[in-house]
Structure formats: structure tokens, C-alpha cells
Amino acid sequence: MNHKPADDHRIDHFFSMPSARADGWRALADVAGAWADGRAAVGAVAEAFATATGMEDFHAFPGARLLAALKERLAAGEAKGFAALARRLSAAIVTRDYKYDPAEWETGDETGDTPADILPPTLGRGEARRPYFEMLLVTPGAAVKGAEQSAELRRMRRPEDQFVYEAVPVGSFEDAVCAAIVNPDIAAVTIYEGFAYASRHDAPVLRRVLASVGLDKLAGDSRDMTLALARGLKRVRPDLDIYVLSDRHVEELAGDPRAASIRRVLYSIEEMLELHLSVLEGIQARYETPFFDNLKKYARRPISTFHALPIARGKSVFKSGWIRDMGEFYGLNLFLAESSATTGGLDSLLEPTGNIKKAQDMAARAFGAEHVFFVTNGTSTSNKMVHQALVAPGDIVILDRNCHKSHHYGLVLAGGQPLYVEAFPMTEYSMYGAVPLVSIKKALLDLKAEGRLDRVKIVDLTNCTFDGHIYNTRRVMEECLAIKPDLVFLWDEAWFGFARWSPFLRPRTAMGAAEAIEDWMHDPASVEAYELQQQDLGPNPTTEVLLATRLVPDPRKIRLRVYQTNSTHKSMSAIRQGSMVLVKDVDFHTVESQFHEAVFTHASTSPNQQLIASLDVARRQMELEGYGLVMNAIEIALAIRRQVNTHPLISKYFRIVGADGMVPAAYRESGFVDYLAPGTTWAEALETMRNDEFCLDPTRMTLVCGTAGFDGTQFKALLANQYGIQLNKTSRNSVLLQSNINNTRSDVAQLLRVLIEICTDIDRRLAHGGADEQAAFDARVKSLMTDVPDLPNFSRFHDVFRGDAGDRTPEGDMRTAFYAAYDAPGCEYVKLNGAECDRRLREGPEMVSANFVIPYPPGFPIMVPGQVITQETIDFMRKLDVKEIHGYEAAKGLKLIRPDAVLAKTKR
């Protein structure tokens with residue numbers, strides 16, 4: 001916390017603490033080397049030492065003993081000894097060798113054997129590596145008592161222990177919270193009663209955050225403080241195992257309802273060994289991967305296969321003279337672990353009862369869900385499963401028109417009628433944002449006014465959007481439940497699964513918000529809040545009043561039914577197409593059988609074993625190190641944002657759009673500008689995450705390339721083909737960069753090097769090309785950045801597909817329209833740029849789309865089956881300069897449905 005005042009609390013300091021720590025130690029090693037060579041003064045070394053060690057209270061390594069040795073050498077003027085030790089500690093922190101090499105914990109002054117009570121938390125020499133973690137030890141008198149307790153825990157270690165750990169002692173509530181935030185290696189917490197509240201460090205931003213969640217100025221006895229700390233730590237990091245040691249009334253403490261976040265309560269006087277064993281058992285409970293563990297055992301067994309999978313065991317591959325190279329490329333284990341069997345230690349994905357079932361239950365625990373279903377053919381299938389399980393023909397589903405096509409096709413298959421609500425447009429970048437809550441509420445209130453609210457089954461939204469717009473999921477669900485208390489929510493979080501492991505992002509996930517609503521429902525104050533609002537609204541509030549009011553639902557009537565799909569492969573270490581459906585539905589028992597039918601319909605009967613195993617392993621990784629991995633992904637993104645937008649050459653031609661450019665001010669009630677705006681702290685970031693209608697996922701970066709003369713598709717191809725940099729989404733004048741748990745600082749350096757090279761080439765071309773080259777460049781930039789087409793909204797379904805619709809809402813029978821396109825005589829084609837298209841727009845009859853028409857970019861359907869095609873849509877299509885348009889054949893033209901043919905067929 002002892003940062004320089006000018007930089008004290010910038011938000012990137014919070015997210016970049018691991019790398020900032022490594023940088024600080026490298027800087028110390030450099031200046032120490034200069035001191036040893038006579039090129040630096042001792043004052044510079046002392047300053048670097050203070051900077052490098054400012055946060056070391058919250059890490060096990062180097063620890064008090066090694067830091068004291070460094071300090072002694074500095075005080076004694078032992079330049080060469082100080083430099084040697086500083087270099088070694090710096091290298092150990094950067095490489096993380098201290099987790100596995102006992103020698104890193106020695107000062108170099110030792111002779112003979114190192115005493116057991118100061119031996120590092122690593123393995124003895126010559127042993128295989130065991131996973132290493134750190135345990136936060138919250139204890140009064142941490143400097144002395146914590147050291148004694150740490151030494152005693154070291155003496156508990158046994159060769160048969162599967163994991164190894166070291167304690168990080170702190171003495172206060174604030175220090176405990178800070179340590180849990182800044183040290184991702186902490187995987188468990190032990191709390192001794194009697195600790196203080198205030199930190200000895202200066203931490204104004206931390207105190208603002210604690211105050212915002214009601215954890216400031218805590219009073220009461222030590223039990224109240226202990227329980228508050230346990231609950232507070234779980235709110236920050238639900239992955240942590242928490243243990244409490246008390247020397248009084250442990251039975252009462254264990255039975256306190258507030259102790260639900262504590263894994264085990266122990267009697268502190270006699271239970272140190274039990275604590276040690278409990279901590280290891282808690283880690284093992286997360287480390288276990290039931291399916292993957294059994295698959296490894298299966299692969300080690302001699303198996304004779306007489307089923308329809310010749311590739312199993314690899315004999316057909318490795319004995320071949322023609323495809324042996326595939327086996328050599330992938331390795332033997334891939335084939336040994338292949339099978340079409342569901343017995344012999346394996347399990348069935350369609351009806352799991354063994355290790356797949358256990359793996360899914362563990363995933364449910366990790367993600368905060370009640371049920372989890374593994375899906376091996378992507379979140380497209382996950383979405384269709386949910387629609388089929390919950391939607392009956394004729395049910396109305398409120399959804400974003402710009403959602404993934406799997407939702408549209410899911411409704412076609414299920415027979416649900418889409419009621420499209422529009423996201424706010426971002427015309428400058430040819431993309432849409434997210435759907436304002438007022439639009440969703442208006443749709444519900446209009447249906448209620450017409451007496452058709454009972455037909456609404458689901459609100460279906462994408463969170464976060466492809467471009468990073470995150471909904472205020474709790475607010476959306478609460479206000480919708482105030483209108484229809486049994487409404488089901490499907491949140492497509494294909495790109496957002498990682499957010500569970502960020503204390504900033506977690507509350508905005510479907511499961512995080514559902515947990516918060518559930519807690520609120522059980523708080524007596526919730527009924528009071530509802531009744532107070534009802535008094536204020538009066539008996540018959542107008543629609544306008546209800547739209548302008550932040551509605552409070554009746555907690556006694558809510559049926560909390562939340563489904564979340566996530567593409568595990570998109571943000572975690574799962575193989576491509578690995579997906580999960582997360583369920584938190586109080587009425588799931590009423591739809592469970594039909595949900596299983598949906599699984600039978602869409603899931604393969606031959607799922608890939610390696611894919612299932614990767615879902616199991618991805619869960620393990622995120623439970624044990626997800627917090628640090630996500631912190632790193634955010635750090636990478638902030639570093640890219642800062643460097644691109646401040647580099648004197650790169651920023652001439654490129655920029656990354658900030659939160660203020662991605663989210664209109666009307667939806668940023670907090671006034672938040674951007675993560676790297678001057679003066680921004682992580683307290684402000686928490687404020688926008690908690691309260692604003694929309695906020696921006698920091699890991700998703702819209703890089704504007706139109707100002708460099710590239711359209712998105714062109715720039716994506718340039719990066720991939722010439723520089724080996726891959727990315728996903730493009731728009732007319734931008735590309736989307738996404739940081740994830742796989743990225744490193746080397747990736748940042750490579751991206752910046754490439755951008756500099758591209759900008760240098762542009763500068764050179766403009767300098768050598770003269771006025772004509774500059775004019776051509778300016779015209780290209782104007783075309784991409786100014787002459788952008790207006791984005792078309794959904795028009796309406798043709799009346800022939802609105803037989804049972806109301807007057808106020810635009811839902812329609814898209815399923816009938818979709819299958820009407822199968823009737824060739826009932827369809828026609830009209831050329832997009834032909835005179836007939838213009839005549840039909842002026843004079844009629846109305847043109848009705850037969851297909852989903854989806855241009856890439858922007859990647860959303862600008863036409864759906866049964867939609868009336870308007871001038872707005874035609875203008876947009878004519879201005880498109882993209883090569884890929886699904887559902888449209890330029891040679892034939894627009895495929896249209898003839899409504900008269902549909903009517904005639906209906907009457908037969």
C-alpha cells in the first residue's frame with residue numbers, strides 16, 4: 001500500500017499488483033547491482049527497497065526472515081551481499097520457483113541443515129512437485145503469534161500430504177480483506193478471534209469499498225467481528241475455505257446462522273493438527289475432478305474394444321503406415337482415453353449417475369448454481385436446450401433482436417413467439433449495445449394491459465454482449481419480477497463465464513444476481529421495502545409512473561427461476577465447444593423431465609470424452625486459481641488500453657474506446673468515465689459495477705481501426721496473415737480484442753510492436769505519397785468513420801403471422817414463417833438493387849422475409865422469417881461492404897414469402 005502518492009490508488013494498480021510486485025523487485029535488483037558496482041547511492045537502494053516491499057506483508061515469500069536479512073545487509077552497507085540476495089529473491093518471485101525449491105527460502109548464510117521450522121512451504125529436495133498455495137492467518141499479534149503458528153503448521157507437514165502451503169499472518173480485519181484481494185495464491189483462511197479492525201497501513205480506497213458494503217467501523221464482540229470477516233471474505237472470494245479457531249463456546253459459534261460461510265469451527269487450544277488436515281481436505285475437495293480422474297484410470301487399464309470406435313486405444317493409428325503421424329502429433333493418451341462405453345469407470349452424459357453427475361454437482365457448487373449440465377456441442381446447443389425445455393408453442397419470449405442466432409432458431413424449434421426489444425444503437429461503430437430496462441418493462445406492462453401477461457414465459461438477454469456491455473442483472477430481474485413474479489430468465493453468458501471469479505464482475509452474473517435476490521427475499525426489510533413502495537405508488541399507477549420507478553418486487557410472491565448458459569471454452573481452459581447450463585430455479589422439479597427430454601433431443605449420443613474431461617478440469621482450475629487468472633486477464637486489458645491510447649505513434653491512428661464511448665451517459669448514473677480516466681480508483685469501478693444500468697467488461701476492447709484506413713475485416717486479416725495475431729469480432733471500422741486467462745505480458749508487447757510497425761508504415765506511406773496519398777487516406781477514413789449506414793431496427797411481423805397477437809406488442813409466429821419458406825411455390829425472389837425492390841417498397845405488396853439474413857459483421861439478423869422488409873433495412877443492406885451474409889444469395893436476391901400463399905395453405 002506504500003505507493004507513491006501521485007500513483008496511489010489508480011485502478012490499474014489494483015489489478016496489476018502481481019506484475020507490479022514483480023517489476024518492483026526487478027527494479028530493486030537492478031539498483032542493488034548498480035550500488036554493488038559503485039554506480040548508485042545507498043539512498044536509491046533504500047527507496048527501491050521500500051517500494052518493492054510495501055505489499056510483502058500480504059505474501060508468504062520472501063517472508064519476514066528473508067526481508068530482515070535484506071534489511072540488515074542494507075543497514076550494514078553490504079552492497080554485494082544485498083545485491084546477490086535481492087537478485088535471487090527477484091528471480092524467485094518472477095519465476096515462482098520459491099513454490100517448489102526449498103533453497104529459495106534460505107538467506108545463503110545457513111550452515112548445515114536448515115531447521116525444520118523455517119524450511120519453506122515447499123517439497124524436500126528431490127521430490128516431485130506438489131501444488132502449492134497460501135493460507136491467510138488472521139490472528140492478534142500477527143508479527144509474533146502468527147510466526148509461531150506458522151512454524152507449528154510447518155511441523156505438521158507429512159510426505160503423504162498431497163499439497164503444501166505456507167501461512168500469511170495478518171493482524172486486522174482490513175489487512176485480511178486486503179491480503180485476500182492482492183494475493184491470488186491465498187486459497188484458505190484461518191481466523192483466530194481477538195484480531196483488530198483497522199490496518200496499520202494507509203488504505204483510504206479499501207476503506208471506501210468496505211464502507212460501501214457495510215463493513216466499516218464494525219463494533220461488537222470478537223465473535224461479531226469474526227463472523228463479519230468470514231462473510232466479507234466470502235463476498236470478495238467465494239472460492240476461499242474459511243476456518244475459525246476459538247477458545248470459547250465453539251459450539252455456539254458453529255451453530256450461529258451467520259457462520260454458514262465457515263467451513264469448520266475448531267477449538268483453538270487443542271486442534272492444530274485438525275486444522276492442518278482440514279485445510280488440506282478443503283483443497284482436495286476442489287482439486288478432485290471425478291470424470292477426469294476416472295478417465296485417467298481407464299486409460300491406464302488394458303482394454304479390448306468391440307464397440308464402434310476403431311480409434312479407441314490407438315491401434316488403428318499407431319500401426320498404420322499412413323496416419324501414424326496423427327498419433328505422434330496428439331500423443332498416445334488421447335487414444336487410450338477414447339471410448340464409446342459408459343461403463344467400466346466412465347459415465348453417460350445423457351443420463352449421468354456416476355462421475356459425470358458428481359462433476360456436474362461440483363461445477364454447480366463452483367458457479368453458485370443448484371444444477372449444472374455439461375454440453376459438448378457449444379452454447380448454441382445449450383440455448384436451444386433451455387428454450388425447448390421451458391417454451392411451449394405460443395409462449396411469448398422477450399428477447400434482444402441482436403442476440404446469438406441460436407436463440408432465434410431455438411424459438412423456431414420450440415414454437416415460441418419472439419417479442420423483440422431493441423438495444424441502444426452505436427451507429428458510429430456499426431454495432432448495437434444492450435437493451436434498456438425501460439424497453440423490457442414497457443413490453444411487460446403492455447402485455448399486462450392487454451390481459452396477455454400470462455403468455456410471457458421468458459426474458460432472454462445476452463450478458464455480457466459480444467462488445468462488453470454488462471447488464472445490471474439484479475435490477476433487471478427484480479423490476480421484471482415486480483410485474484410478473486414467476487417470470488423465467490435466460491442469461492446467455494457465453495463470453496462471461498469467467499466473471500464468477502472476479503469480485504467486481506460476479507454480482508453482474510446471472511448466478512451472482514440470483515444469489516443476491518435470494519438473500520434479499522429472506523431479509524424482513526424486503527417486505528417493508530415492497531409495501532412502502534406500494535403506498536407511494538397508490539392503487540392504480542400509470543404506465544409512465546411505473547416505467548420511471550425502480551420497481552420493488554413482492555418477495556413473498558417471487559418464484560426465482562434463473563438459467564445461465566456459458567461457453568466454458570471461450571473464457572476457461574476447456575476444449576472448443578465445451579459449454580454448461582447453470583440452473584437456479586425454485587420450480588425446476590416441475591420442468592426437470594422436459595429438460596432431460598431437451599438434452600436427449602440436442603446432445604450427441606457419442607460425446608467426446610476429452611471434452612467432458614476438460615469441463616471437469618476447467619472447473620477445478622477456476623476454483624483453485626481462477627481469481628488470480630481473471631485478475632491477470634483484467635490487468636492485461638488495462639495495460640493494452642493504456643498503451644494504445646497514450647502511445648504517441650499508435651494513438652495517431654488507433655484508439656480503444658473507453659466506457660464513456662461504449663455506454664451512453666444515460667446508462668452510467670454513477671458518472672463513471674473509464675477505467676483509466678485520471679483519478680479513477682477501484683472504488684469508482686465498484687460503484688459503476690454495483691449501480692449503473694450498464695457497465696463495460698474491462699477485458700473486451702473495441703480497437704478503432706477505421707482511423708488508420710482499415711475496415712474491421714481487412715484489419716483482422718492483416719493481423720492474422722502477416723503478424724500471427726488472432727482475434728474474433730469485427731465491425732465496419734473496429735475490431736474486438738479480448739484478453740483472457742491465457743494471455744501474458746508478452747502478448748501485450750507483441751501487439752504493441754505490431755501496431756507500431758503498422759503505424760510507422762502508414763506514416764511512411766503518407767510522407768512519401770504526397771497530397772494524393774493523403775487525400776485518398778482521408779477519404780478512406782471518412783468513408784469508414786463518418787459515412788456509416790444507420791442501423792435498422794426490427795420492423796414488425798406481417799399480419800398473417802400475428803393471428804393471436806395483441807395491438808401494443810410486436811410478437812409474431814416466426815415458426816410458421818420459417819417453415820413457410822420450405823414451400824417453393826409460396827416464395828419468390830427480388831433483387832436487392834433492382835427496380836422491382838424499389839417499386840415494392842413504394843407501392844407494395846409488402847416484402848416479407850423468408851430467411852434469417854445475418855451479415856458478418858455486424859453478426860445479428862437484420863431480417864427474420866415473417867418480418868416485413870422496410871426501406872431502412874434495404875438501405876442498410878445496400879451500404880454493406882461485407883462478403884459474408886448468411887441467408888442471402890446475391891445471384892438470386894432476397895428470398896420472400898408470399899403471404900397470400902400462406903393464407904391459402906392455412907384455409908385448406
Would you check which residues across the stretch 29-72 are closer than 21 Å to residue 98 by Cβ, charged (D, E, K, R) and open to solvent by 30 Å² or more (accessible area, probe 1.4 Å) and list them?
30, 57, 65, 71, 72
For residue 695, indicate whether it is in contact with a Phe, Trp or Tyr (Cβ under 8 Å, 6 or more places away or on another chain) and assigned to a helix (DSSP H, G or I).
no
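Here is a yes/no grid of residues against (1) over 29 Å from residue 504 (Cβ atoms); (2) part of a helix (DSSP H, G or I):
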{"residue": "536", "(1), (2)": "yes, yes"}
{"residue": "539", "(1), (2)": "yes, no"}
{"residue": "558", "(1), (2)": "no, no"}
{"residue": "569", "(1), (2)": "no, yes"}
{"residue": "591", "(1), (2)": "yes, yes"}
{"residue": "612", "(1), (2)": "yes, yes"}
{"residue": "620", "(1), (2)": "no, yes"}
{"residue": "624", "(1), (2)": "no, yes"}
{"residue": "630", "(1), (2)": "no, yes"}
Restricting to the stretch 717-737, name every residue that is within 24 Å of the chain's Cα centre (by Cα), closer than 15 Å to residue 431 by Cβ and not aliphatic (A, V, I, L, M).
728, 729, 730, 731, 734
What about residue 810, is it at pLDDT below 95, out of contact with any Asp or Glu (no Cβ under 6 Å at 6 or more places or on another chain) and either open to solvent by less than 20 Å² (accessible area, probe 1.4 Å) or over 30 Å from residue 434 (Cα atoms) (or both)?
no
Tally, over the stretch 544-556, of residues that are open to solvent by 40 Å² or more (accessible area, probe 1.4 Å), closer than 11 Å to residue 438 by Cα and outside any loop (DSSP other than H, G, I, E, B)
3
Taking into account only those residues within the stretch 568-604 that are open to solvent by 60 Å² or more (accessible area, probe 1.4 Å) and basic (Lys, Arg), which is nearest to residue 357 (Cα to Cα)?
576
Over the stretch 287-328, the set of residues part of a helix (DSSP H, G or I), of a type in the set (D, E, K, R) and more than 13 Å from residue 346 (Cα to Cα) is 313, 315, 324, 325, 328
The correct count of residues that are in a loop (DSSP other than H, G, I, E, B), modelled with pLDDT under 95, in contact with a Leu (Cβ under 9 Å, 6 or more places away or on another chain) and surrounded by 14 or more Cβ atoms within 10 Å (Cβ to Cβ) in the stretch 708-732 is 4
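Matching residues to (1) more than 20 Å from residue 563 (Cα to Cα); (2) in a helix (DSSP H, G or I):
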position: 353; (1), (2): yes, no
position: 364; (1), (2): no, yes
position: 379; (1), (2): no, yes
position: 397; (1), (2): no, no
position: 403; (1), (2): no, no
position: 439; (1), (2): yes, yes
position: 442; (1), (2): yes, yes
Residue check: is residue 366 in contact with a Ser or Thr (Cβ under 7 Å, 6 or more places away or on another chain), of a type in the set (Gly, Ala, Ser) and either buried (at least 19 other Cβ atoms within 10 Å of the Cβ) or closer than 28 Å to residue 580 by Cα (or both)?
no
Residues being within 41 Å of the chain's Cα centre (by Cα), within 13 Å of residue 83 (Cα to Cα) and of a type in the set (Lys, Arg) - total across the stretch 26-71
1
Contacts under 8 angstrom Cβ, first residue in the stretch 32-55 being closer than 16 Å to residue 17 by Cα and touching a residue at least 60 places away in the same chain (Cβ under 8 Å), partner in a loop (DSSP other than H, G, I, E, B) and open to solvent by less than 50 Å² (accessible area, probe 1.4 Å), 6 or more apart
55/1
For the stretch 381-394, which positions are assigned to a loop (DSSP other than H, G, I, E, B) and either surrounded by fewer than 20 Cβ atoms within 10 Å (Cβ to Cβ) or under 20 Å from the mean Cα position of the chain (by Cα) (or both)?
392, 393, 394
Tell me, yes or no, whether the stretch 672-694 has at least one residue that is within 24 Å of residue 783 (Cα to Cα) and surrounded by 23 or more Cβ atoms within 10 Å (Cβ to Cβ).
no
Any chance the stretch 637-657 includes a residue that's assigned to a strand (DSSP E or B), charged (D, E, K, R) and under 22 Å from residue 498 (Cβ atoms)?
no
Which residue out of 751, 784 is in contact (Cβ under 8 Å) with a residue 12 or more places away in the chain, more than 28 Å from the chain's Cα centre (by Cα) and open to solvent by less than 70 Å² (accessible area, probe 1.4 Å)?
784
Can you pull out every residue in the stretch 62-102 that is over 27 Å from residue 745 (Cβ atoms), assigned to a helix (DSSP H, G or I) and among the aliphatic types (A, V, I, L, M)?
64, 68, 69, 74, 75, 79
Within the stretch 147-197, residues being under 20 Å from residue 56 (Cβ atoms) and in a loop (DSSP other than H, G, I, E, B) number 5
Restricting to the stretch 537-581, what's the tally of residues that are out of contact with any Lys or Arg (no Cβ under 9 Å at 6 or more places or on another chain) and more than 30 Å from residue 406 (Cβ to Cβ)?
15
Can you go through 346, 332 and tell me which one is over 30 Å from residue 244 (Cβ atoms) and touching a residue at least 60 places away in the same chain (Cβ under 8 Å)?
346
Any residue at all in the stretch 794-805 that's assigned to a loop (DSSP other than H, G, I, E, B), surrounded by 18 or more Cβ atoms within 10 Å (Cβ to Cβ) and among the aliphatic types (A, V, I, L, M)?
yes
If a residue has to be among the hydrophobic types (A, V, I, L, M, F, W, C), within 24 Å of the chain's Cα centre (by Cα) and open to solvent by less than 10 Å² (accessible area, probe 1.4 Å) to count, how many in the stretch 415-434 make the cut?
3
Report yes if some residue within the stretch 451-466 is closer than 30 Å to residue 637 by Cβ, surrounded by fewer than 20 Cβ atoms within 10 Å (Cβ to Cβ) and not aromatic (Phe, Trp, Tyr); otherwise report no.
no
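The values are calculated or read from the model by the stated rules, or taken from the named source; none is laboratory data. The structure displayed is predicted, hence computed values, not measured ones. In this analysis, Cβ positions are derived from the backbone assuming ideal geometry, glycine residues included, and neighbour counts consider all displayed protein chains. Remember, those area values only see protein heavy atoms, side chains included, never the ligands or the DNA or RNA. Shrake-Rupley method; radii C 1.70, N 1.55, O 1.52, S 1.80 Å.
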